[in-house]
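Accompanying notes for the structure given below.
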Protein chains: 2
Amino acid sequence: MTLEQLTNEIHKKKSFLCIGLDVDLDKIPPHLLEKEDPIFEFSKAIIDATHDLCVAYKPNTAFFEAYGVKGWQALQKTINYLNENYPNHFTIADAKRGDIGNTSTRYAKAFFEDLEFDSVTIAPYMGKDSVEPFLQFDNKYAILLALTSNQGAFDFQTKQVDGVPLYQQVLQTASQYDNSDRLMYVVGATKAEFLTDIRKIIPNSFLLVPGVGAQGGSLEDVVKYGKSSNVGLLINSSRGIIYASSNEDFEKAARDKAQQLQFQMANLL
Amino acid sequence: MTLEQLTNEIHKKKSFLCIGLDVDLDKIPPHLLEKEDPIFEFSKAIIDATHDLCVAYKPNTAFFEAYGVKGWQALQKTINYLNENYPNHFTIADAKRGDIGNTSTRYAKAFFEDLEFDSVTIAPYMGKDSVEPFLQFDNKYAILLALTSNQGAFDFQTKQVDGVPLYQQVLQTASQYDNSDRLMYVVGATKAEFLTDIRKIIPNSFLLVPGVGAQGGSLEDVVKYGKSSNVGLLINSSRGIIYASSNEDFEKAARDKAQQLQFQMANLL
C-alpha cells in the first residue's frame, strides 16, 4: 500500500483509526470458544463489524504467539482474511522486532513476504544496521519506537543524550537512514505534549499513536499537537474497542466504540 | 534450570559454549531439503553432534518465523527435542522481545510456558514495565540487550546519558528492577574492551556474548575482561559452527568447530 492510498482512505472515511487485535481467549465472548479457531473467529468478527470505520488493523503478535503454533496459524489466517477482503486497509504487525542485519532481514521477510503485512513495528536500540533491512521493500513500512505510551518510557527514552532526549536522538538519527521515507514512528498518546517537538524533527512522517482509551491518552491533544499537513496520524485503540462487551452483542458494542472515535475524528479533521 | 545447575554444567564440561541455531534453508546441506521438516532435521543433527561440547543452545526465532507456521512448528519441535533429550542444557529463545506490560506478559508466557525455554532475549528501550513481566517466573531468565555486537550499537548504546554511556545506564537501571537476579545481559564480543567497566556494574550476572567467529570477536579478550568469579559467561557461536560445511559431512565439521572452541575454553577456565 502506498502512503498516498492510505491518506486517501483517511479522507474518504474521515477516520484515522487503527484497531488493535490483542486477542485474549480469557476476554473474548465465551460462545466463541466452541469454534475450531476462536482467535481467528474473534478477529474476523471484529474486522467485519468495524471495517468501514477504520483505516488500519494492528494484530499484536504477542497475543498470537502465546498460543503457539495455533496462534501463528490464526495470525496467518487473520492477515490473509484482511488482504483478501479488505485490501484497502493498512496492516500493521505489532511485533517490536530488531536484531543484527542478517537477522533483521529474516524478520522483514517473515512479516512482509511470508505474512504480507504492510508494516511492522521495530525497536531502535541496536541502531542503523538493525533498522535498514526493514526499509528495503517497496510499499512496505517500518514503524520505529520513539516515545512509547508506558511509564517505563521515562527510564531511558526521555533521558538527555547530547543535549536532547533519547527519543529525539532516535528520530534525528533514524530520519537519516537509507530509505527513511519508509519509516513511521510510535508516539504514545499519553505523551501528547511532546508532539510539538517531535513534529519539528519529522514534520511529515506518519505516527502510530497508541494509548488513547484504556491507557488514558487524549484524542484531541494528539490531533492538536501531532497532526501534519497531510494528517499523518494513525490512532490505535485495542482493548477499548474489542472488549467493549464480552457477551453475544460484542460486535455491535465494538462497532459503537469505533463509531464514537470515528465521529470525534471526523470533527477534528 | 537454576544458575547453580548451569555453572555446574560449565565446570563439568569445561565449556561455556552456546550454539546458535540460525537455520537458513539456503545454507543447510541440500540433501536435508528432501526431509519433511528440514529446519528441525538440521537443528536436531547439529544438537546431536555437539551436545557434549556446549552448555546452551540458542534458536534464533527470526529464522524460524521467516518460514511461517512451518517454522514455528519446527521451533516447537526443536525446543521439545532439547527438553526431552538434553534437559541439562540451558535454552535461549533469541527473540529480542519487549512491549508494554500486558503484552510483555504474553511474550513471557509464549516462551516460558508454551515453548518452555529457560530464557529469552529482550530489548530495554521501553523500560521497567516492559522488562519486569519477564522476571516473574521461577528458574526462568530474561537476557537484556546491553551492548550489542553490531556496528549500529554506536548509534545510541554508547552515547553519553547523565555522564555514562547508555548501555551502562541500562545496566545500572535494570539491575534495580524487581527480581533482577533473573536478568542476564547481552554484550558483544566485538566490544570486549568494554567488559571491565561492565563488570564493575554487574560483577556476577551471566553475560551472553555473541560475535566470536563470523563477526570477529576474540574469545581470549572476552574471558580476560569478562569472566566473573563464577565464570558468568555464555559465548555464542552460530554460523561459524553450524555452517562449517554444507556437505554430507556437516555434522562432523560442526563438531570439529565446536571442539576447537571448547578446547580453547578449557584452557581459559
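One table, with the values for the structure above:
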quantity	calculated
Single unsatisfied condition, B:C18 versus (1) in a strand (DSSP E or B); (2) within 12 Å of chain A (Cβ to nearest Cβ); (3) not aliphatic (A, V, I, L, M)	(2)
Residue list for segment A:91-121, filter: facing another protein chain (nearest Cβ under 10 Å), outside any loop (DSSP other than H, G, I, E, B) and touching a strand residue (DSSP E or B) at 6+ places or on another chain (Cβ under 9 Å)	A:D94, A:A95, A:K96, A:R97, A:T103, A:S104, A:R106, A:Y107, A:A108, A:A110, A:F111, A:T121
Residue among B:F206, B:F194 that is crowded, with 16+ Cβ neighbours inside 10 Å and closer than 19 Å to B:Q151 by Cα	B:F194
Residue satisfying condition, being facing chain B (nearest Cβ under 9 Å), closer than 30 Å to A:N8 by Cα and touching a residue at least 40 places away in the same chain (Cβ under 8 Å), within set A:N60, A:N88	A:N60
Count - residues of segment A:224-257 that are farther than 22 Å from A:P30 by Cα and part of a helix (DSSP H, G or I)	3
Members of segment A:122-136 found to be among the aromatic types (F, W, Y) and facing chain B (nearest Cβ under 7 Å), listed by number	A:Y125
Count of residues meeting criterion [within 21 Å of B:F137 (Cβ to Cβ) and either under 20 Å from the mean Cα position of the chain (by Cα) or in a strand (DSSP E or B) (or both)] in segment B:161-178	2
Single condition A:S149 does not satisfy, out of (1) within 30 Å of A:E113 (Cα to Cα); (2) more than 10 Å from chain B (Cβ to nearest Cβ); (3) surrounded by fewer than 24 Cβ atoms within 10 Å (Cβ to Cβ)	(2)
Any chance B:A110 is of a type in the set (G, A, S) and either touching a residue at least 40 places away in the same chain (Cβ under 8 Å) or more than 22 Å from A:A62 (Cβ to Cβ) (or both)	no
Single residue of A:A189, A:A214, A:A174 found to be within 14 Å of chain B (Cβ to nearest Cβ), modelled with pLDDT under 95 and either crowded, with 24+ Cβ neighbours inside 10 Å or touching a Leu at 6+ places or on another chain (Cβ under 8 Å) (or both)	A:A189
Complete set of residues in segment B:217-227 that are more than 13 Å from every other protein chain (Cβ to nearest Cβ) and either surrounded by 16 or more Cβ atoms within 10 Å (Cβ to Cβ) or small (G, A, S) (or both)	B:S218, B:L219, B:D221, B:V222, B:V223, B:Y225, B:G226, B:K227
So B:D37, is it touching a residue at least 40 places away in the same chain (Cβ under 8 Å), within 21 Å of B:K257 (Cβ to Cβ) and of a type in the set (D, E, K, R)	no
Hey, A:E248 acidic (D, E), touching a Pro at 6+ places or on another chain (Cβ under 7 Å) and either touching a residue at least 60 places away in the same chain (Cβ under 8 Å) or surrounded by fewer than 16 Cβ atoms within 10 Å (Cβ to Cβ) (or both) or not	yes
Every residue from segment A:17-46 that is under 18 Å from the mean Cα position of the chain (by Cα) and over 24 Å from A:I122 (Cα atoms)	A:K44, A:I46
Complete set of residues in segment A:258-269 that are assigned to a helix (DSSP H, G or I) and closer than 25 Å to A:L195 by Cβ	A:A258, A:Q260, A:L261, A:Q262, A:F263, A:Q264, A:M265, A:A266, A:N267, A:L268
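The values are calculated or read from the model by the stated rules, or taken from the named source; none is laboratory data. Computed from a prediction, not measured in an experiment: that's the story for all the values here. When we count neighbours, we look across all protein chains shown, and the Cβ atoms used for this are built from the backbone with ideal geometry, even at glycine.
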